[in-house]
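In what follows, a structure is listed as structure tokens, so that the remarks can point back to it.
Each reported figure results from applying straightforward, stated rules to the coordinates on display, with no laboratory input. The structure displayed is predicted, hence computed values, not measured ones. So basically every Cβ, Gly included, is an ideal-geometry build from the backbone, and we count neighbours across all protein chains shown.
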Amino acid sequence: MRTVDRLRRALLVVALATMPIAGCGIGPSVVTDSGQAPTGLAAGTTVFFVDGSGDLRPSTRDTGRLGTVHSAVQLLLTGPSGTEVDAGLHSDLPSSDIRSGVVDAGDRITIHLPFTADETGPNGVEQVVCTILAVVVASGRDPGRVRVSVSLTDAGTVDATCPVIT
Amino acid sequence: MRGASWWPSGLRARMVLAFVLVATVAAAAASGAGYAAARSSLIDETQQRAVDALRNQIGQAAPAIGYPPERSDLDQLRRSIGGDALITFEGLTSSAGDTLGLLSDDIRAAVAGGDDVVAQRVVSDAGPKLVLGTPIQLTELDGSRRDSGVRVYVVRDLRPTQEQLDRWERVVMLTIAAALPVAAVLALVISGSVLRPVRRLGQSARELAAGNLHTRLSPRGHDELAELATTFNHTAETLEHTVGELRDREAQARRFVGDVSHELRTPLTVLTSVMEMLENDAADRSPQDRELTTMAVGETRRLARLVEDLLEISRFDAGASALRLEEIDIGRAVADTLRTRGWTERVELTVPGVVRARVDSRRLDVAVSTLVANALHHGEPPVVIDVRADADDVTVSVTDHGPGLPDGDPDQVFVRFYKADVARARSDGSGLGLSIARANARLHGGDVTAADVQGAGARFVLRLPRGLKRSGAEGVADAEDDEAGDDDENR
């Protein structure tokens, strides 16, 4: 009798010792925050033109969606619309149907423009860079962490910045 | 610990149980802590991966989704995200999957009121699930954000994670289970190495107690047990030394008694002869002179006997007494003893017949005569001698009808120079007789015992082993008769 009793108590001790492990799978939890919400929706695409005093001005095209860096650059290259011209805006970039090439590698975006340096006006490259960064910002990426390189047909690839979006 | 009934009493069992308990608790604690940490980090990581994946999927898909969205836009976004998902925008809803019932009001409220991705684990019949919810935000050019009104909820299955945890849990249990036998074996080995010196110590202590004073331990190492062994050795050494010294002194003292007795014997013999001559010459002296002469002769003889007894005792003490065994008839030997002492008339002798035994007849004579003399001197008549025998022993019991033994331990009468009564100190005996009688009996492997008998006085029983090989029916018959006789007497 005593031996049985002893054995049972010893087993109880062992069971108590191992109990913390048993039965802990995945339990329910309360609602917890897990970081910033995603973004990327937009009613339109923002492109940059130059006003009469030579400053960059954003203009939102009613595309219904944010679109990609590439589509934004294509919109920019089609030149200002009638309402934009009426608002005193112009583009320092020549109007072109030739598609530009964009490589979006996350932290580095490279754009190949089908122009020479002479063809782009004083603000042309900045127009392109600002338009690209506008998409970057709207899609939730940090513009400070994205480097934009511009490649013209007669010059090598150079890093460029936008004065209004950093 | 003492008093707990389940705690075993053996030192070894206690050590093994303690070891196993400690090992189990340690293994359980270590494995449990490791498991708990790994489990929570696995869950956190799984959750974070799901959140990141959702954020990426939405971030990838959103720029192509029209805003404000129509039903088709929501469907497109939902397909991009994949799995069980619910997307709402104002009155519009796009959903897929049958686990969306797990969405709690808490998570809906958290998504509606905040600008973060929120997560909640829920457990359903289908296993653990991870529910994620998030609003999609609009980001202005200056980086400021506002709510778009689009809400995304997804339910992700955590069953793979659960299975992973189950596998870990099995490993943990196996580890603990495997630790038990290992701990038990280790405990057995270690307890053996700890208990072996203890057992050896106990054995040596027993040997020491049994008189083997040369017992020593060989201490190994420098632990407490080695210290104990060293102490034991020291104790044994001191004891051996002291006992040896005491033995030496005792032997010296006994030798001295023997030497003194021996030296006294020769002059006493001469003195006795001279005294006897004087006694013979005293016939024509005055009665007063005769009386003095007689007294002097008596005392001289007594002195001579005392010296003889002392010599005998010192021979016993020195272990120099030798037995000269011969097969004799005990009854006849006792009768001879009575006859030569002139006691035949004063003593009743009962002999069952021929009782043969291998004894030293001189020592038998000494012992019997001492017992009878003692009975005649200290007891009252009738003095009865009863010779009995069984298969192994022969007994000669001497019973008187006197006042019996003095109060106290019956054995005290065997102490050397014991005086029952101070007033009767000057008896004929040397005071060594009973002691010598007992020593003689013990030399045979027998004994002399004393006791009072109901209805009589003191009874001294001399028991001697017969020293015969058991053969023949006569001895057996004797034995049976004797036993019956003893029984009667005891009643």
At a Förster distance of 35 Å, what's the computed FRET efficiency of B:Arg265 paired with B:Thr350, Cβ-Cβ distance as r, to 0.05? 0.35
Virtual spin-label span in nm between B:Asp98 and B:Ala251, 7 Å along Cα→Cβ: 10.6 nm
Can you classify chain B as rounded, prolate or oblate using the Cα gyration tensor, where a ≥ b ≥ c are the square roots of its eigenvalues, rounded means a/c under 1.5, and otherwise it's prolate if a/b beats b/c and oblate if not? prolate
Run the quick spin-label model on B:Arg332 and B:Glu90: label points 7 Å from Cα toward the beta carbon, then report their separation in nm to one decimal. 14.8 nm
Chain A, helix-only ellipticity at 222 nm - DSSP H runs n ≥ 4, -39,500 (n - 2.57), divided by all residues, nearest 500: -8500 deg cm²/dmol
Taking Cα atoms, the helix A:2-18 axis meets the longest principal axis of chain A at an angle in degrees (rounded to 10) of 10 degrees
Put +1 on the Cβ of each Lys and Arg and -1 on the Cβ of each Asp and Glu in region B:225-317; which of B:Val243, B:Thr266, B:Leu278 then has its Cα farthest toward the positive end of the dipole? B:Leu278
Can you give the mean number of other chain Cβ atoms that lie within 10 Å of the Cβ atoms in peptide B:53-65? 5
Hand me the trypsin sites (Lys or Arg not before Pro) from region B:318-426 located in a DSSP loop with no more than 12 other Cβ atoms within 10 Å, in residue order please. B:Arg324, B:Arg426
Using alpha-carbon positions, what is the distance between the centroids of region B:171-212 and region B:71-136, in Å? 64 Å
Exposed-loop-free span, longest in chain B, where chymotrypsin sites (Phe, Trp or Tyr not before Pro) count as exposed if DSSP calls them loop and at most 14 other C-beta atoms lie within 10 Å: B:1-416
Which whole-angstrom value gives the distance between the alpha carbon centres of region A:112-156 and region A:52-85? 13 Å
Apply the a/c threshold of 1.5 to the C-alpha gyration tensor of region B:136-287 and tell me whether it is rounded, prolate or oblate. prolate
For chain B, the helices passing both cut-offs (Cα extent along own axis of 27 Å or more, Kyte-Doolittle mean at least 0.0, full DSSP H runs) are B:11-61, B:159-209
Roughly what would the spin-label model give for B:Glu207 and B:Ala318, points 7 Å off Cα along C-beta, in nm? 3.3 nm
Farthest positive-ward along chain B dipole, Cα basis, beta-carbon charges - from B:Ala26, B:Ala119, B:His378: B:Ala119
Tell me the trypsin sites (Lys or Arg not before Pro) within region B:113-162 that lie in a loop according to DSSP and have at most 10 other beta-carbon atoms within 10 Å. none
So for R0 = 51 Å, FRET eff. of A:Thr60-B:Ala38 from the Cβ-Cβ r, to 0.05, ends up at 0.50
Once a ≥ b ≥ c are taken as the square roots of the eigenvalues of the Cα gyration tensor of region A:45-160, is the result rounded (a/c under 1.5), prolate (a/b larger than b/c) or oblate (a/b not larger than b/c)? oblate
What is the dipole size for the protein assembly as shown, taken about its Cα centre, with +1 at each Lys and Arg Cβ and -1 at each Asp and Glu Cβ, in debye to the nearest 20? 680 debye
At 4 °C in a medium of viscosity 1.567 mPa s, the protein assembly as shown has a Stokes-Einstein diffusion coefficient, with Rh taken as the Kirkwood radius over alpha carbon pairs, in µm² per second, of 34 µm²/s
Env charge @ B:Gly404, Cβ radius under 12 Å, K,R +1 / D,E -1, value -3
Which of the trypsin sites (Lys or Arg not before Pro) found in region B:248-303 are loop residues per DSSP with 14 or fewer other Cβ atoms within 10 Å of their Cβ? B:Arg285
Whole-Å distance linking the alpha carbon centroid of region B:221-263 with that of region B:346-418 is 39 Å
FRET E, pair A:Arg108, B:Val123, Förster distance 60 Å, beta-carbon r, rounded to 0.05: 0.85
Grab the Cα-Cα distance for B:Val198 and B:Glu380, subtract it from 0.36 nm times how many residues apart they are, and report the gain in nm with one decimal. 59.5 nm
Do the sum for chain B: with -39,500 (n - 2.57) for every DSSP H run of n ≥ 4, divided by all residues, what is the mean residue ellipticity at 222 nm, to the nearest 500 deg cm²/dmol? -19500 deg cm²/dmol
Would you calculate the volume per residue, in Å³, of the smallest convex hull containing every Cα atom of region B:34-142? 132 Å³
Determine the dipole magnitude for region B:334-443: charges of +1 sit on the beta-carbon of Lys and Arg, -1 on that of Asp and Glu, nothing else is charged, the reference point is the Cα centre, and the result goes in debye to the nearest 20. 480 debye
How large is the charge dipole for region B:147-186, taken about the Cα centre, if only the Cβ atoms of Lys, Arg (+1) and Asp, Glu (-1) carry charge, to the nearest 20 debye? 40 debye
